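Take a look at the structure below.
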Amino acid sequence: MTPLPALAAGRYALVFPGAGSHLPAMARRLCRAFPAAVEVLERAEKAVGLDLARLCRAGTAPELAPPEISHPAVVATALAGSAALRAHLGDRLAPPAFIGGHSLGHFAALVAAESIAFEEALVLVARRARLMAEQSRLRPALMASISGVAPGRVAEWCADCPAGVGTAVVGCLNGPRQTVVSGDEAAVCWVTARAAEASAADDPVSVRKLTAGVASHSPLMAPVQEELAPALEALGPVAPAVPVLLNSTGRPSTAPGELRTDLLRQLSAPVRWNEAMRAVLDSGVETVVDTGPGQVLSKAAGLHPDAAPVALNFMQPLEKVVPLP
């Protein structure tokens, strides 16, 4: 079923993915079809001084791997996906009921919601990525996705990790039985080993190590939080055009102070994406539009049987994802 009626009526949530969602040549299809997407990447390149336009269109996995590259590239590509959707639908596209960004994607969400300036967001994203990468070089970190087990049990495994091994915490609650563990590399490996041991044929547990390269949403990010605090506190977001989903609470908000605080708080606090999706769905909005790259958030929305996820920038051209009459 086409999502066009929901998009035309404004009965949808527009969501932006976070770190680890990058893919090789992730913006190639968008840029071939939509000059508006190219313009977004060129603006991002000027803002941060990286070869972003080429990297987003033709970058290889090794080129995109460092957080200093992948983080601004993901934000730029996600905003390019949003621009392509606007160009594709034109006046048929109504403003969304909600806008949200998972982790790093919160910066893109605030730009899309007209709460902070595009260039301001990209500069902060690039600085945030450099600080996170520096911290991870000082203290090797890892993130891993665990699916098929309740978040409470994962939290217990994290709490049981021996102090000598390191720190591991639940960094993201993405679905009813889908979490991300974040922390010291050895500690996260200890937790994932417990998860693998708990897997059974009739109740399988899936474990996947992520390519984020940092320990987002964990105490390991406290030094980054402290370093970035003055810049984020000086940020002057305005009231967004539509409610924005907060990472740290899962609630929608239009309060500029809350939106700014969320950017800082989420560095060391868990992302409550499952609660954010429930807030959207409980409001009666079913269509969740994932700008991409990839389909991380459309898959997360699909964990809820009452959701209708749409992935804009994955395997199919946009005109097939949202066909026009």
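Pull out all pairs, ordered by first then second residue, where Cβ-Cβ is under 8 Å, the residues are six or more apart or on different chains, the first lies in segment 15-33 and is in a loop (DSSP other than H, G, I, E, B), and the second is surrounded by 24 or more Cβ atoms within 10 Å (Cβ to Cβ) and among the charged types (D, E, K, R).
From segment 15-33, the pairs are PRO17/ASP290.
Out of all the residues in segment 165-184, is one or more acidic (Asp, Glu), buried (at least 19 other Cβ atoms within 10 Å of the Cβ) and not assigned by TED's automatic domain parsing to the domain that holds HIS22?
To start, the set of residues in segment 165-184 that are acidic (Asp, Glu) comprises 184.
Retained after the next criterion (residues that are buried (at least 19 other Cβ atoms within 10 Å of the Cβ)): 184.
In the following step, the residues that additionally are not assigned by TED's automatic domain parsing to the domain that holds HIS22 were identified as 184.
Among the residues of segment 165-184, at least one is acidic (Asp, Glu), buried (at least 19 other Cβ atoms within 10 Å of the Cβ) and not assigned by TED's automatic domain parsing to the domain that holds HIS22, which makes the answer yes.
Of the residues in segment 289-312, how many are more than 14 Å from the chain's Cα centre (by Cα) and part of a loop (DSSP other than H, G, I, E, B)?
Taking segment 289-312 first, the residues more than 14 Å from the chain's Cα centre (by Cα) are 302-310, 312.
Okay, now just the ones that are also part of a loop (DSSP other than H, G, I, E, B), so 303-307, 312.
Of the residues in that region, 6 qualify.
Just to verify a result, which residue in segment 151-164, among those that are in a helix (DSSP H, G or I) and of a type in the set (A, V, I, L, M, F, W, C), is surrounded by the fewest Cβ atoms within 10 Å (Cβ to Cβ)? Spell out how you get there, then give the answer.
Within segment 151-164, the subset in a helix (DSSP H, G or I) is 151-160.
Imposing the further condition that a residue be of a type in the set (A, V, I, L, M, F, W, C) reduces the set to 154-155, 157-159.
Working: VAL154: 26, ALA155: 18, TRP157: 21, CYS158: 23, ALA159: 11.
Selected residue: ALA159.
Residues to consider are ARG54, ARG29, ARG43; find the one that is among the charged types (D, E, K, R) and under 23 Å from GLN316 (Cβ atoms). If you could, list the steps in order and put the result at the bottom.
Details: ARG54 fails: under 23 Å from GLN316 (Cβ atoms); ARG43 fails: under 23 Å from GLN316 (Cβ atoms).
Going through ARG54, ARG29, ARG43 in turn, the sole match is ARG29.
State yes or no: is LEU303 in contact with a helix residue (DSSP H, G or I) (Cβ under 7 Å, 6 or more places away or on another chain), more than 18 Å from ALA112 (Cα to Cα) and among the hydrophobic types (A, V, I, L, M, F, W, C)?
On the way: in contact with a helix residue (DSSP H, G or I) (Cβ under 7 Å, 6 or more places away or on another chain): no; more than 18 Å from ALA112 (Cα to Cα): yes; among the hydrophobic types (A, V, I, L, M, F, W, C): yes.
Criteria not met by LEU303.
Going by the structure shown, is VAL214 modelled with pLDDT under 95 and surrounded by 24 or more Cβ atoms within 10 Å (Cβ to Cβ)? Can you show your working first?
Details: modelled with pLDDT under 95: yes; surrounded by 24 or more Cβ atoms within 10 Å (Cβ to Cβ): yes.
Against the criterion (modelled with pLDDT under 95 and surrounded by 24 or more Cβ atoms within 10 Å (Cβ to Cβ)), VAL214 qualifies.
Mind counting the residues in segment 62-98 that are crowded, with 21+ Cβ neighbours inside 10 Å and in a loop (DSSP other than H, G, I, E, B)?
1
Working only within segment 185-219, note down all residues that are under 15 Å from ALA144 (Cα atoms) and assigned to a helix (DSSP H, G or I). So that I can check it myself, show each step before the final result.
Our first condition is that a residue be under 15 Å from ALA144 (Cα atoms); within segment 185-219, this holds for 185-196, 205-218.
Answer for segment 185-219, where residues must be under 15 Å from ALA144 (Cα atoms) and assigned to a helix (DSSP H, G or I): GLU185, ALA186, ALA187, VAL188, CYS189, TRP190, VAL191, THR192, ALA193, ARG194, ALA195, ALA196.
Among the residues of segment 248-288, count how many are under 23 Å from PRO219 (Cβ atoms), of a type in the set (A, V, I, L, M, F, W, C) and in a helix (DSSP H, G or I). Show your work before the answer.
Step one: of segment 248-288, the residues under 23 Å from PRO219 (Cβ atoms) are 248-250, 258, 260-276.
Now drop any that are not of a type in the set (A, V, I, L, M, F, W, C), which leaves 263-264, 267, 269, 271, 273, 276.
After this cut, where a residue has to be in a helix (DSSP H, G or I) as well, the list is 263-264, 273, 276.
Within segment 248-288, residues that are under 23 Å from PRO219 (Cβ atoms), of a type in the set (A, V, I, L, M, F, W, C) and in a helix (DSSP H, G or I) number 4.
Among residues belonging to segment 237-262 that are surrounded by fewer than 20 Cβ atoms within 10 Å (Cβ to Cβ) and among the hydroxyl-bearing types (Ser, Thr, Tyr), point out the one that is farthest from GLU119 (Cα to Cα).
THR249
For segment 110-123, which positions are surrounded by 21 or more Cβ atoms within 10 Å (Cβ to Cβ) and in contact (Cβ under 8 Å) with a residue 40 or more places away in the chain?
Of the residues in segment 110-123, the ones surrounded by 21 or more Cβ atoms within 10 Å (Cβ to Cβ) are 110-113, 115-116, 121-122.
Residues satisfying the conditions are LEU110, ALA112, ALA113, SER115, ILE116, ALA121, LEU122.
Would you check if ALA229 is assigned to a loop (DSSP other than H, G, I, E, B) and closer than 24 Å to ALA129 by Cβ?
On the way: assigned to a loop (DSSP other than H, G, I, E, B): no; closer than 24 Å to ALA129 by Cβ: yes.
The answer is no for ALA229.
Can you find, within segment 128-150, the residue that is surrounded by the fewest Cβ atoms within 10 Å (Cβ to Cβ) among those that are part of a helix (DSSP H, G or I) and without any contact (Cβ under 8 Å) to a residue 60 or more places away in the chain? First the steps, then the outcome.
First, the residues of segment 128-150 that are part of a helix (DSSP H, G or I): 128-138.
Those still in the list that are without any contact (Cβ under 8 Å) to a residue 60 or more places away in the chain too: 134, 137-138.
Numbers: GLU134: 15, ARG137: 11, LEU138: 9.
Restricting to residues being part of a helix (DSSP H, G or I) and without any contact (Cβ under 8 Å) to a residue 60 or more places away in the chain, the top hit is LEU138.
Quick one: what pairs do we get from segment 83-109, first residue closer than 16 Å to THR287 by Cα, second among the charged types (D, E, K, R) and not in a helix (DSSP H, G or I), C-beta under 8 Å, 6+ apart or different chains?
ALA97/ARG11
The values are calculated or read from the model by the stated rules, or taken from the named source; none is laboratory data. Worth saying up front: this structure is predicted, and the values here are computed from it rather than measured. Glycine gets a Cβ as well: all are built from the backbone with ideal geometry, and neighbour counts include every protein chain shown.
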